[in-house]
1. So, in the range 97-132, how many residues would count as being assigned by TED's automatic domain parsing to the domain that holds GLU76, assigned to a loop (DSSP other than H, G, I, E, B) and touching a helix residue (DSSP H, G or I) at 6+ places or on another chain (Cβ under 7 Å)?
2. Hey, does the range 58-65 have a residue that's surrounded by 17 or more Cβ atoms within 10 Å (Cβ to Cβ) and either modelled with pLDDT of 55 or more or within 30 Å of ASP146 (Cα to Cα) (or both)?
3. Considering only the range 133-156, how many residues are assigned to a loop (DSSP other than H, G, I, E, B) and either modelled with pLDDT of 95 or more or surrounded by 14 or more Cβ atoms within 10 Å (Cβ to Cβ) (or both)?
4. Assess whether THR164 counts as being over 19 Å from GLU204 (Cβ atoms), part of a strand (DSSP E or B) and in contact with an Asp or Glu (Cβ under 7 Å, 6 or more places away or on another chain).
5. Looking only at residues in the range 87-110 that are among the β-branched types (Val, Ile, Thr) and in contact with an Asp or Glu (Cβ under 8 Å, 6 or more places away or on another chain), which one is farthest from SER152 (Cα to Cα)?
6. Can you tell me which residue among SER94, SER83, SER72 is in a strand (DSSP E or B) and either of a type in the set (D, E, K, R) or surrounded by fewer than 23 Cβ atoms within 10 Å (Cβ to Cβ) (or both)?
7. Can you confirm whether the range 117-124 contains a residue that is among the acidic types (Asp, Glu), within 28 Å of TYR51 (Cα to Cα) and modelled with pLDDT of 90 or more?
Amino acid sequence: MKPHPLRSDLYPSQICFHHILNLSDSPTMKLQLTLVLICVLFPKALTLKCYQCIPASSGTCNTQTCPDQCGSATAEVTMSGVSQVVSVKNCTVSGQCLSGSLNIGFEQLTINTQCCSTDLCNSQNVSALSHGTLNGNKCYTCIGKDCTGTVSCVGIEDRCITATAIYSSGSKVTVKGCVSRSFCTVDTSILQATGVTGSVSCCEGNLCNSAEGVKLSLLIMLVPLISILFI
């Protein structure tokens, strides 16, 4: 099935979550990554000219009026040794220019964002964030309903995370793993417009994110939860 068309009746961040929550209609990891990056870079006000390329590899770029910053971001997802990289150029706002890493064992996601504040300053792509080497930290992660497994953290992943999304149907998705500090300050209230409530909790120290069992779905259900880390 084709992805849902953009809805003009929602605010930009709500548009992002509306479509990520409907990603079951899309079979490609590339589309998932593109939508996550759009979450990072969507504008809220209009004062500056920026390039908009979604994705940047398409070679099709437009100019648009943006808030006080332009942005260029690259995300990489690695699953079972297979990586997918997507770059996007778009508007961004203060507080959304972040880079970091999330590692839940069977999947690692990194994002690298660069922002600037002059007209059409986001002409260059940014490179994917380096995964780094083992840093000695470990966190609990989930395999199926079992959250007693552990994952070794790498690079700038200096914290453990427990992130949960609760859908209007009552179903719950919980993710545990390693995370960098930049992903821990998250406003989950934006999810409420899509019928989802969420929470993100980070802690410092080995295995500090407890090991209770939870209900964990497949990757396609993890995308909306992962995306809240980029708002």
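The values are calculated or read from the model by the stated rules, or taken from the named source; none is laboratory data. Keep in mind that what you see is a predicted model, and the values were worked out from it rather than measured. A quick note on method: Cβ atoms are made from the backbone with ideal geometry, for glycine too, and the neighbour counts reach across all protein chains shown.
1. 2
2. Filtering the range 58-65 down to residues surrounded by 17 or more Cβ atoms within 10 Å (Cβ to Cβ) leaves none.
There is no residue in the range 58-65 that is surrounded by 17 or more Cβ atoms within 10 Å (Cβ to Cβ) and either modelled with pLDDT of 55 or more or within 30 Å of ASP146 (Cα to Cα) (or both).
3. Here is the first cut: in the range 133-156, the ones assigned to a loop (DSSP other than H, G, I, E, B) are 133, 144-145, 155-156.
Filter again for either modelled with pLDDT of 95 or more or surrounded by 14 or more Cβ atoms within 10 Å (Cβ to Cβ) (or both), leaving 155-156.
The qualifying residues number 2.
4. no
5. Step one: list which residues in the range 87-110 are among the β-branched types (Val, Ile, Thr), which gives 88, 92-93, 104, 110.
Still in the list and also in contact with an Asp or Glu (Cβ under 8 Å, 6 or more places away or on another chain): 93, 110.
Details: VAL93: 33, THR110: 16 Å.
Among those that are among the β-branched types (Val, Ile, Thr) and in contact with an Asp or Glu (Cβ under 8 Å, 6 or more places away or on another chain), it is VAL93.
6. Details: SER94 fails: in a strand (DSSP E or B); SER72 fails: either of a type in the set (D, E, K, R) or surrounded by fewer than 23 Cβ atoms within 10 Å (Cβ to Cβ) (or both).
Of the residues listed, the single one that is in a strand (DSSP E or B) and either of a type in the set (D, E, K, R) or surrounded by fewer than 23 Cβ atoms within 10 Å (Cβ to Cβ) (or both) is SER83.
7. Restricting attention to the range 117-124, the residues satisfying the condition of being among the acidic types (Asp, Glu) are 119.
With within 28 Å of TYR51 (Cα to Cα) added as a condition, the list becomes 119.
Keeping just the survivors that are modelled with pLDDT of 90 or more gives 119.
So far as the range 117-124 goes, yes, one or more of its residues are among the acidic types (Asp, Glu), within 28 Å of TYR51 (Cα to Cα) and modelled with pLDDT of 90 or more.
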